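Below is one structure; the comments refer to it alone.
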Amino acid sequence: MDDYAHLDLDEIDFAPVDHAVERLALLTLAEAHDLLDLLLTIAQTDGPLSPRAERFAREIAARIPSKN
């Protein structure tokens, strides 16, 4: 498993949330695969967001292990 100890979570700009809610710092592998599937679906629609979705899908796919 990757070692995320080098990440300084205080340096990451997270979206604002209610302070009573605890946020996860990183996606789980399953969440990353779900996000990748969603981005690939959007990329195949030839809509206005498809180029960005394709770019983000490639970036995420390069950083996570395959499902198989």
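The values are calculated or read from the model by the stated rules, or taken from the named source; none is laboratory data. Quick caveat: nothing in here was measured; it's all calculated off a predicted structure. We place every Cβ from the backbone using ideal geometry, glycine too, and count neighbours over all the protein chains shown. With ligands, DNA and RNA removed, areas are computed over all heavy atoms of the protein, side chains included. Shrake-Rupley method; radii C 1.70, N 1.55, O 1.52, S 1.80 Å.
Numerical summary
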| read-out | value |
| --- | --- |
| Filter result for GLU22 (surrounded by 11 or more Cβ atoms within 10 Å (Cβ to Cβ), among the acidic types (Asp, Glu) and free of Cβ contacts under 8 Å to residues at least 40 places away in the same chain) | no |
| Neighbours by Cβ (under 7 Å, 6+ apart or cross-chain): first from the stretch 29-46, open to solvent by 60 Å² or more (accessible area, probe 1.4 Å); second among the β-branched types (Val, Ile, Thr) and assigned to a helix (DSSP H, G or I) | LEU35/ILE60 |
